[in-house]
1. Give me the percent of the accessible area of the range 345-442 that comes from carbon and sulfur atoms, probe 1.4 Å, all protein chains in place.
2. Which distance in Å, rounded to a whole number, links the C-alpha centroids of the range 264-302 and the range 1-40?
3. Place the peptides 299-311, 418-430, 347-359 in order of packing, highest mean first, counting for every residue the other Cβ atoms within 10 Å and averaging per peptide.
4. Hey, any idea what % of the range 59-310's accessible area is carbon plus sulfur with a 1.4 Å probe?
5. Scan around V181 for amide H atoms under 5 Å from its own, H built in the peptide plane at 1.01 Å from N, and keep only partners 5 or more places away or cross-chain.
6. How large is the Kirkwood hydrodynamic radius of the chain, in angstrom, based on all distinct alpha carbon pairs?
7. May I ask you to order 73-79, 155-161, 170-176 by the average number of other C-beta atoms within 10 Å around their residues, highest value first?
8. Applying the Karplus parametrisation 6.51 cos²θ - 1.76 cosθ + 1.60 with θ = phi - 60° to the phi angles of the range 394-405, what ³J(HN,Hα) value in whole Hz is obtained for each residue in order, glycine and proline being reported as x?
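The values are calculated or read from the model by the stated rules, or taken from the named source; none is laboratory data. It should be emphasised that the depicted structure is a prediction, and the values quoted were computed from it without experimental measurement. Cβ sites come from the backbone with ideal geometry, for glycine too, and all protein chains shown count toward neighbours. Remember, those area values only see protein heavy atoms, side chains included, never the ligands or the DNA or RNA. Shrake-Rupley method; radii C 1.70, N 1.55, O 1.52, S 1.80 Å.
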Amino acid sequence: MELPFSESYKIKMIEPLKRSTREQREAWMKEAKYNLFKLKSDKVFIDLLTDSGTGAMSDRQWAAIMTGDESYAGARSFHELKDTVKRIMGFDYFLPTHQGRAAENVLFSVMVKEGDIVPGNSHFDTTKGHIEFRKATAVDCTIDEAFDTTLNHPFKGNLDLEKLEKVYKGYPKEKISCCIVTVTCNSSGGQPVSIQNMKDVYALSKKYGIPVMYDSARFAENAYFIKLREEAYKDWTIKEIVAEMYKYADYATMSSKKDGLVNMGGFIGFKDEETYRKACTFNIMFEGFVTYGGMAGRDMAALAVGLDEATEFDYLETRIKQVEYLGEKLREYGVPIQYPIGGHAIFVDANKILPNVPKEQFRAQTLGVELYLEGGIRGVEIGAILADRDPVTRENRYPKLELLRLAIPRRVYTNNHMDYIAAALKNVYDRRDQIKAGLEITWEAPIMRHFTVELKKA
Ligand code: F0G
């Protein structure tokens with residue numbers, strides 16, 4: 001008999017989960033104004049809100065915590081981390097920050113000016129937020145294939161070179177801050193970018209004198225997909241692939257809360273000294289001195305270990321196979337999700353499940369609320385609420401896709417939990433025709449409204 005796949009780690013510490021009744025959940029959801037971000041975590045049974053900072057650290061990482069160096073300047077833990085980033089990604093210059101958006105804030109303070117254009121592949125919401133906050137414009141150049149959830153394209157995170165060149169031709173070089181390549185592309189479904197596309201984007205950008213920046217939150221998962229799907233790299237190690245990926249980037253921002261395998265942290269990588277020097281001033285102002293940037297020494301030590309673990313094939317295989325396991329169950333149950341299955345999450349197609357709910361009543365958010373009521377599972381809306389209003393017209397933006405993201409924390413849940421999630425979603429799917437009304441906004445913030453929005457039943 002062929003031996004089945006099994007996890008590449010065992011569990012040394014556990015945390016109890018609390019069950020609840022549907023009646024309790026109905027009351028809690030109403031109290032939380034139908035915003036899943038407002039629920040207390042002990043009211044959630046399986047938390048798939050995000051894979052960011054929610055992973056489990058390894059015994060080696062916890063050991064590193066105990067030996068972290070808390071010196072204000074020049075800490076050994078800083079140098080361990082800086083050397084690890086150089087070894088894995090190849091950046092000569094490095095600044096720690098407290099998380100990914102802080103890295104964006106520091107780097108964009110140097111690079112993005114009012115009136116600038118910033119092309120990329122479906123910029124993440126904080127990235128877009130930092131661009132729009134500076135009165136610059138993010139232009140989405142993702143390939144069209146990414147927007148068809150049923151299409152099986154191996155690299156739906158890729159940038160469309162024609163769209164990108166149109167931007168490069170349409171504006172003077174001084175107006176284009178940089179091109180952002182998000183690996184993997186969260187907003188288009190955790191979809192990877194191929195090395196070929198990275199090479200092409202870099203070559204085109206160099207031709208027009210534009211720097212390239214990688215939003216690196218899930219760079220290791222991206223490398224895993226390259227190994228599996230891009231023929232030329234099938235025999236390369238993950239670390240070799242990562243090194244190759246970063247040959248085609250001038251800068252990187254990192255949210256270490258994902259593929260850094262830590263609960264908090266971020267950094268910026270630079271190839272040129274000049275930008276690094278300018279960024280140091282902003283880092284000191286916003287984050288902390290250049291050798292800690294908002295991170296404790298022990299956390300930098302754990303991150304150095306985490307980056308090494310996240311770029312090991314066995315870890316990535318366990319991780320991505322679990323996401324795939326859930327996706328395959330849902331496929332079996334006929335629940336429409338985005339294909340191919342992405343790296344960190346399942347993206348459920350709410351437009352297909354709830355076409356009877358008017359799009360103005362937020363289909364993906366409605367589906368998220370239903371899934372919580374059904375099984376105490378918390379996902380997150382990637383749809384019109386997240387897309388926010390147009391900064392100029394203030395009209396609601398309705399993206400092509402209304403998705404409910406079920407993000408899987410790293411090394412946290414078992415496949416029994418995946419079975420439970422799939423069954424709960426199947427139950428919602430089976431009664432989809434009875435769900436005809438969605439939600440209405442009663443209060444929203446002027447920017448990044450999804451975190452704090454308040455809703456009521458329509
Ligand atoms: N870039 C990407 C692609 C991200 O997914 C995130 C965060 C960030 C940047 C910002 O990093 O949270 O450390 O400040 N994504 C989380 C998520 C919040 O749930 O997908 P951060």
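1. Result for the range 345-442: 47 percent of the exposed heavy-atom area is carbon or sulfur.
2. 34 Å
3. Numbers: 299-311: 26.0, 418-430: 18.8, 347-359: 20.5.
In descending order of packing, they fall as 299-311, 347-359, 418-430.
4. Details: 5030 of 9390 Å².
C and S atoms contribute 54 percent here.
5. Those lying under 5 Å, H to H, from V181 are M213, Y214, D215.
6. On the way: mean 1/r = 0.0445 Å⁻¹.
Averaging 1/r across every pair of different Cα atoms and inverting gives 22.5 Å.
7. Numbers: 73-79: 18.0, 155-161: 24.3, 170-176: 13.1.
Final packing ranking: 155-161, 73-79, 170-176.
8. For the range 394-405, the Karplus curve yields 6, 7, 4, 9, 10, x, 4, 10, 10, 10, 9, 8 Hz.
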